[in-house]
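Below: one structure, written as structure tokens.
The values are calculated or read from the model by the stated rules, or taken from the named source; none is laboratory data. What you see is a predicted model, and the numbers here were worked out from it, not measured in a lab. No Cβ is skipped: glycine too gets one built from the backbone with ideal geometry, and neighbour counts run over all protein chains shown. Accessible surface is based on the protein model in full, side chains and every heavy atom, while ligands, DNA and RNA are left aside. Shrake-Rupley method; radii C 1.70, N 1.55, O 1.52, S 1.80 Å.
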Amino acid sequence: MLSLLTMVVNVSEFIVGNSSVVKRVKSEINFRIVSGSSKFNLSEECFKETSFSNGDVYIGEIKAVLPHGKGKYTWSDGTVYEGDWEDGKRTGKGLIIWPSGAKYEGDISGGYLHGYGTFTRSTGCVYRGSWRMNAYHGIGWKEYSNSDSYEGLWREGIREGCGRYSWSNGNTYIGNWKGGKIDGRGVMKWANGDTFDGCWVNGLRHGSGVYIYADGGLYFGTWSKGLKDGKGTFYPAGSKHPSIRKFSINSNDSGLSLNTEKHSAPKPRVKRSLSENISGISRSKCSHQISRRTTSLDAYQNLRDPAGDRTCHDSSSTVLQTFGESQSEASGTSTLVYEREYMQGVLIMERTKKYSESSHKNKRQNKFNVTPVKKSSCMDIFGGRRSYYLKLNLQLGIRYTVGKITPVPAREVRSSDFGGRAMIKMYFPKEGSQRTPPHYSIDFYWKDYCPMVFRNLREMFKLDAAEYMMSICGDSGLRDISSPGKSGSIFYLSQDERFVIKTLKKSELKFLLNMLPKYYNHVGKYENTLITKFFGLHRITLRGGKKVRFVVMGNMFCTELHIHRRYDLKGSSQGRCTHKDKINSHTTLKDLDLKYEFQMDIKLRESLLNQISIDCKFLESQHIIDYSLLLGLHFRAPENLKALAELPGPMQRPDSLPSGDDVKQGEQLIIPKGLLLVAHEPSFVDTTPGPHIRGKLKAHSIGDMEVDLLLPGTARLRVQLGVNMPAQAISKVDEDKVDASEVELFEVYDVVLYMGIIDILQEYNMKKKIEHACKSLRFDPMTISVVEPKIYAQRFINFFHKKVFPETP
């Protein structure tokens, strides 16, 4: 009987005060009643008192030798529980007091803190809210011993979801949290009146955002790991600026102008107070300041998860804020704005514009960035809610097809696996069927072309079927992205950005099916091919007979690095430039816009040009034209300037660019140190197959060995053909043609290159032959894009061999 009454409390993973510190306590906790502490008014007449040889004492109701009902249990170490019991377990309402002075009052279930309750530490730290299995879980409010407070959602003891954190120094953050750190969309307001509204990752500004200064200045731009990175626009204090509401900020986007659409369940709100916007932002205008240094922005450090009574520390509160030295032409109501470009916090270019010129551009940028399609049929399909249905149908179909074809034993493809008759067809009624699940979309017919071929291609590209399905068909859904071309195709991006899904014309689908056998052989023979990787080909038939065709491809720019510039290069010149007013952070530039030539390791250059030549010969054999090389550039800031930009206080350089002799002197002194190549070590790099996985690649500079790219403070990346390729970008702009309002500080940059050959489904057919004949009457036949496949391939090869990747002297 004594053994049954000895209360053994097994507290597993009990989290107190700090979500990142887990204390595993598995012991017998002995309680002792504290006189006068009872809140249940236990009566000696109704309850039995039992004392045990180990010093424990129980007073309360008993049912079949087990505590049941109201009761107190006192352990010999001084800990007390008083409250409800059920079959020998603490269940119901109760109060626990520990010898340290900490106490809990609230719901308990099966011996666990579970439900709603208040936990108070002896240091004064208080948590009030929901619990699950001894951990904060759900909506809760916590005040730390230093007067910091958090109100919002918790998950297993960690801040997760929407919440408000207030520092004792007056700084406030309202927004999303993940893993105990600021992550997602959120608004940070500093005590000095500065505000940042934008995207965060792992406690750092990362993605698009708006920085609002207390004096009224604004900066719209992009950040990477806490530093400005990419293009942005600065509106000085006292100048006119567009409404913040006009700018679209998406947590999955790296820029302001790409207004992506994500169809997923809305995140729960915590309370009304948590969904309110931060009010009272000071916007007093200081007419004598034109340019201001964003010290609190660039020097802001990671917001750490509080351990025990530790809280989030905001380093920005102690950072000295320096003002721009420029006094200015912007006094009164300035009409000047500054279009700037940064790389890892270093300002590399600034262009001064009139506000009227820039405002019209910004209005265009903030519209949905998909190129308008004149064909009414496409607009009927992709407009509004039908786009949501289409994406849901696509996910349902891919999940069904991949799940059906994956269990089939692996085998070599046969001739019968190719062609339009090799397919899987299925009808998906809304209410579901024996073979399909019920869904919230509209009824549709699904067709999957050449399933065995694409299953083998995915395995050839080292993609796991489960990961492929989760990437495209996961709960996060697909996102709409802009279309840089004139085809009117609609593009979707998987949530992890590994795959791009593009709509096809009927003629393109037929051409892909016809060339698929040769394509299959080519990518199997050349593991370093730069040609687009295809992972699936599908068709959805909607009510009324409307057919929509899709192809799933690998994303060339799936990387943790920020892509600063994108180029679509064909080797032609007629019409291959972009008007400056149409350029934003997401614009895909063209041949005449490329003002750099690239130098790289001899062996890397040789392998790259050789593969371009091989791929072009294959495309020529298939009578394909109009393909292009999609090139992405990630700029690396010179390490000496990068270190200077990150120093706090008065050591920081001014936010305005130097002029005259200062610029020239900087160009002479600041030379890139070169990207560091080291021998490839699989244990030091992420070898998970990506959407652009390629074969082995060796570098001459380290003795013809496989190499990794080492980026100090960022990452160690495996170098593959067209992926993570290091190079130096040398500016080749004619100084006589440079805009006087645009200043660029450097002539040589360290860059990381990403590239691949895209748009390979245009056959040189009769329509293109007529187009070539017509354009040849107006322009030089060698400058237009539409030429014979042999000429197109040779021009393409020469363009990259001589102008983009010229031989190093």
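When region 478-499 is filtered for residues that are in a loop (DSSP other than H, G, I, E, B), touching a residue at least 60 places away in the same chain (Cβ under 8 Å) and in contact with a Leu (Cβ under 8 Å, 6 or more places away or on another chain), the ones remaining, listed by number, are 482, 495. Among the residues of region 426-437, is there at least one that is over 30 Å from residue 526 (Cα atoms), basic (Lys, Arg), in contact with a Phe, Trp or Tyr (Cβ under 9 Å, 6 or more places away or on another chain) and surrounded by 20 or more Cβ atoms within 10 Å (Cβ to Cβ)? Checked region 426-437: no residue is over 30 Å from residue 526 (Cα atoms), basic (Lys, Arg), in contact with a Phe, Trp or Tyr (Cβ under 9 Å, 6 or more places away or on another chain) and surrounded by 20 or more Cβ atoms within 10 Å (Cβ to Cβ).
Evaluation of residue 107 against the conditions (1) assigned by the TED database to the domain that holds residue 92; (2) of a type in the set (D, E, K, R); (3) open to solvent by 60 Å² or more (accessible area, probe 1.4 Å) shows that the sole unmet condition is (3).
The single residue among 183, 197 that is within 15 Å of the chain's Cα centre (by Cα), assigned to a strand (DSSP E or B) and of a type in the set (D, E, K, R) turns out to be 183. Residues in region 400-425 that are within 33 Å of the chain's Cα centre (by Cα) and surrounded by fewer than 19 Cβ atoms within 10 Å (Cβ to Cβ): 403, 404, 405, 406, 407. Every test in (1) in contact (Cβ under 8 Å) with a residue 24 or more places away in the chain; (2) in contact with a strand residue (DSSP E or B) (Cβ under 7 Å, 6 or more places away or on another chain) is passed by residue 123 save one, and that test is (2). Scoring residue 528 on the criteria (1) in contact with a Lys or Arg (Cβ under 6 Å, 6 or more places away or on another chain); (2) without any contact (Cβ under 8 Å) to a residue 60 or more places away in the chain; (3) not in a strand (DSSP E or B) leaves a single failure, condition (2).
Could we say that residue 397 is buried (at least 17 other Cβ atoms within 10 Å of the Cβ) and in a helix (DSSP H, G or I) here? For residue 397, the condition - buried (at least 17 other Cβ atoms within 10 Å of the Cβ) and in a helix (DSSP H, G or I) - is met. Of all the numbered requirements in (1) without any contact (Cβ under 8 Å) to a residue 12 or more places away in the chain; (2) under 25 Å from residue 636 (Cα atoms), residue 569 misses one, and that requirement is (1). Taken over region 766-794, the criterion of being part of a loop (DSSP other than H, G, I, E, B) and either touching a residue at least 60 places away in the same chain (Cβ under 8 Å) or within 15 Å of residue 626 (Cβ to Cβ) (or both) is satisfied by 779, 780, 783, 784, 785, 786, 787, 788. So which residues in region 450-468 are surrounded by fewer than 18 Cβ atoms within 10 Å (Cβ to Cβ) and either outside any helix (DSSP H, G or I) or of a type in the set (A, V, I, L, M) (or both), if there are any at all? Within region 450-468, 460, 462, 464, 465, 466 meet the criteria.
Pairs are defined by a Cβ separation below 6 Å, a sequence spacing of at least 6 or placement on different chains, a first member in region 192-213 that is touching a residue at least 24 places away in the same chain (Cβ under 8 Å), and a second member that is among the β-branched types (Val, Ile, Thr) and open to solvent by 10 Å² or more (accessible area, probe 1.4 Å); the pairs so defined are 195/281; 197/187; 198/249; 208/249; 210/244. Within region 564-616, restricting attention to residues that are more than 30 Å from the chain's Cα centre (by Cα) and among the small types (Gly, Ala, Ser), the residue that is farthest from residue 224 (Cα to Cα) is 613. Tallying residues that are over 22 Å from residue 170 (Cβ atoms), open to solvent by 40 Å² or more (accessible area, probe 1.4 Å) and assigned to a loop (DSSP other than H, G, I, E, B) within region 124-154 yields 1. Among the conditions (1) open to solvent by 20 Å² or more (accessible area, probe 1.4 Å); (2) more than 21 Å from residue 501 (Cα to Cα); (3) in contact (Cβ under 8 Å) with a residue 12 or more places away in the chain; (4) assigned to a loop (DSSP other than H, G, I, E, B), residue 561 misses just one, which is (1). Comparison of 547, 502, 510 shows that the only residue that is of a type outside the set (Asp, Glu), without any contact (Cβ under 8 Å) to a residue 60 or more places away in the chain and out of contact with any helix residue (DSSP H, G or I) (no Cβ under 8 Å at 6 or more places or on another chain) is 502. Of note, residue 539 does not satisfy the criterion of being buried (at least 19 other Cβ atoms within 10 Å of the Cβ), in contact with a Leu (Cβ under 7 Å, 6 or more places away or on another chain) and charged (D, E, K, R). Taken over region 128-141, residues that are within 30 Å of the chain's Cα centre (by Cα) and touching a residue at least 24 places away in the same chain (Cβ under 8 Å) amount to 3. Is it the case that some residue within region 627-641 is open to solvent by 50 Å² or more (accessible area, probe 1.4 Å), over 30 Å from residue 535 (Cα atoms) and at pLDDT below 85? The answer is yes; a qualifying residue exists. Restricting attention to region 366-394 and to residues that are open to solvent by less than 80 Å² (accessible area, probe 1.4 Å) and in a loop (DSSP other than H, G, I, E, B), the residue that is modelled with the highest pLDDT turns out to be 384. Taken over region 421-449, the residue count meeting the criterion of being in a strand (DSSP E or B) and without any contact (Cβ under 8 Å) to a residue 60 or more places away in the chain is 6.
Determine which member of the set 570, 580 is at pLDDT 90 or above, among the charged types (D, E, K, R) and either surrounded by fewer than 17 Cβ atoms within 10 Å (Cβ to Cβ) or on the phi < 0 side of the Ramachandran plot (or both). That would be 570, the only listed residue that is at pLDDT 90 or above, among the charged types (D, E, K, R) and either surrounded by fewer than 17 Cβ atoms within 10 Å (Cβ to Cβ) or on the phi < 0 side of the Ramachandran plot (or both).
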